[in-house]
Structure formats: structure tokens, C-alpha cells
Amino acid sequence: IEYRSERGLLDFHEEMGIMIQEVVGNRVGPYFIPSFAGVAFRNNEFRWSSRINREDGLIRMVPGLGTRAVDRMADDYPVLIAPGKPDLQVNLSADEIVKYAPKEIDVINLETNTFQTIKINTLLKEIGHDIPGIENMVSIYDADMIMPATNRFSLDFDRDNTVITFEGLISRTDFVKRMESLLTVLSEELRTPVDVEFAHDGKQFYLLQCRPQSYTRDTAPAPIPQDVPQEDTLF
């Protein structure tokens, strides 16, 4: 609107609606973060196994703010889960799991009032035990083995080599099952596949946004014919 006004192009009164949405999370040390967040899709268009069906869905999840799950990063990765087949992991070997695990986390620094990206290992050593549900988010990497954390009190972030896997969340909670049910209900009621954005504060799940899934093969645009006569072509 400012651009149009400066150039004399604003020829009628125009109002813009603004939505202010509360950030989900907790104050942990000097930071404000959800425990984890991400996006989920009813249709899975990235199937890493022949046993995964399109209807099994897809979750892209990261610790902290969900910005790194929504926006693709060239040098970092989210954890991928197919809700219908949660046991089928993208990466099988310990080296691959570590290599393609999230390495950085987005936070709000309350002392500097800034949005900040920091190394996950640095954050865990500083405030790891204060993050709600951290025992369900990390696994321990030791001697080429990935071992789930049994409880938060057994974790020593100064000693252990930890990696974000969400293994406890998958195997010890009903989070994935509830996510699959949510995607199914929303898609049925809206009569179209959906994608959602969500956040979790360690205790409660928050649905932040729901919209029609942006692309599926069924809804791809029809091909433009190449043999339209020039007199019938508008553009």
C-alpha cells in the first residue's frame, strides 16, 4: 500500500487485516521456544520407501520454533515421519541419522529481544534439562549406536553425544497417532487434502494453521495446448 501511495497509484481507500498470533512455548533460560514444532501434510509426496503410501502423510518436525521446518534450509534438516508408517525411518544407519538430524534451532532471545539461530548442542548444554519433554526428543549416539533416552534425569548434555530423533515421541507417546487422526478429520471435513502448521510446548499440542495442501498430482494444472491458432490467442 505504501509503494502504491508513494507513486500515486492508490486510487481508493484500502484496509489491510492483520492477525497477531501468540507464540507457543515456554521461557527456558534466556530463550522463549516451543519444545518442538513443524508442518504436516495429508498426502505424502516424498515417499522414501515403497511401503509408504501417499495416504500415510508426512510430518516435518524440528526442535524449537517451526521456522526451520516450514522453510527449507540448505545446510540443515528436519526429522521426517510418515504418520501412517512411523516405524519406516528415512535414515537407517547411525551415521545417516546423525548426519541428517537437525543441528540448529531457532529461538526468541528474551534478553536481546531478537530472533536467533543457535547450535542445538550449545543450547542443550546450556538449558537442555529445562526443556519440557526433552527426553522424548533426543537420543544418545555412542559407539555407532543410537540409543533412546530413558528419562530426562539420565541425560548428561556435557558428556553424552545427543542427536535429535524424536524417537521417544514416536514410540512412547500417542503424538503421531493423534496427528494422523487430525489430518484425516480435517481433510474429510474440508473435502481436500490439507497441510497444517503446529507447535508443542511439552504438554499441549497447538494447531496453528490449516489450509488446502498446495500441490498434489491430482490438482496439477491442465497442460496448455500448443496448437492454438494465433487469432484465438489472447496472451
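Descriptive notes on the structure:
- Subset tally (residues that are in a loop (DSSP other than H, G, I, E, B), out of contact with any helix residue (DSSP H, G or I) (no Cβ under 7 Å at 6 or more places or on another chain) and either small (G, A, S) or under 18 Å from V39 (Cα atoms) (or both)) for the stretch 61-99: 11
- Of residues in the stretch 125-147 being among the charged types (D, E, K, R) and part of a helix (DSSP H, G or I), the one surrounded by the most Cβ atoms within 10 Å (Cβ to Cβ): E135
Conditions (1) farther than 30 Å from D56 by Cα; (2) more than 19 Å from the chain's Cα centre (by Cα); (3) in contact (Cβ under 8 Å) with a residue 24 or more places away in the chain, marked per residue:
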| position | (1), (2), (3) |
| --- | --- |
| A94 | no, yes, yes |
| A101 | no, no, yes |
| I108 | yes, no, yes |
| P132 | no, no, yes |
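- From the options T150, T117, T162, residue that is in contact with a strand residue (DSSP E or B) (Cβ under 9 Å, 6 or more places away or on another chain), surrounded by fewer than 19 Cβ atoms within 10 Å (Cβ to Cβ) and either in contact (Cβ under 8 Å) with a residue 12 or more places away in the chain or of a type in the set (D, E) (or both): T117
- Put simply, of T122, T67 the only residue that is β-branched (V, I, T) and open to solvent by 60 Å² or more (accessible area, probe 1.4 Å) is T122.
- Identity of the residue in the stretch 148-165, outside any strand (DSSP E or B) and of a type in the set (S, T, Y), that ends up modelled with the lowest pLDDT: T150
Residue-by-condition table, conditions (1) open to solvent by less than 60 Å² (accessible area, probe 1.4 Å); (2) without any contact (Cβ under 8 Å) to a residue 24 or more places away in the chain; (3) in contact with a Lys or Arg (Cβ under 7 Å, 6 or more places away or on another chain):
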{"position": "S171", "(1), (2), (3)": "no, yes, no"}
{"position": "V176", "(1), (2), (3)": "yes, no, no"}
{"position": "V185", "(1), (2), (3)": "no, yes, no"}
{"position": "E197", "(1), (2), (3)": "yes, no, no"}
{"position": "L207", "(1), (2), (3)": "no, no, no"}
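- When we screen L110, L80 for residues that are of a type in the set (A, V, I, L, M, F, W, C) and exposed (fewer than 14 other Cβ atoms within 10 Å of the Cβ), the only hit is L110.
Yes or no, residue by residue, for (1) more than 22 Å from G25 (Cβ to Cβ); (2) not hydroxyl-bearing (S, T, Y):
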site: S171; (1), (2): yes, no
site: D174; (1), (2): no, yes
site: K177; (1), (2): yes, yes
site: L190; (1), (2): yes, yes
site: P193; (1), (2): yes, yes
site: H200; (1), (2): no, yes
site: L208; (1), (2): no, yes
site: Q226; (1), (2): yes, yes
site: T233; (1), (2): yes, no
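- The number of residues in the stretch 10-29 being exposed (fewer than 11 other Cβ atoms within 10 Å of the Cβ) and not aromatic (F, W, Y) comes to 11.
- When the stretch 30-56 is limited to residues that are within 20 Å of E197 (Cβ to Cβ) and among the aliphatic types (A, V, I, L, M), the one that is surrounded by the fewest Cβ atoms within 10 Å (Cβ to Cβ) turns out to be V39.
- Candidates D95, D87, D75 - the one that is modelled with pLDDT under 85, within 30 Å of H129 (Cβ to Cβ) and open to solvent by 20 Å² or more (accessible area, probe 1.4 Å): D75
- When residues in the stretch 219-235 are screened for being surrounded by 10 or more Cβ atoms within 10 Å (Cβ to Cβ) and modelled with pLDDT under 70, 1 of them pass.
The values are calculated or read from the model by the stated rules, or taken from the named source; none is laboratory data. On a predicted model such as this, the values are computed, not experimentally measured, just so you know. When we count neighbours, we look across all protein chains shown, and the Cβ atoms used for this are built from the backbone with ideal geometry, even at glycine. Heads up: the accessible areas ignore ligands, DNA and RNA and are worked out on the full protein's heavy atoms, side chains in. Shrake-Rupley method; radii C 1.70, N 1.55, O 1.52, S 1.80 Å.
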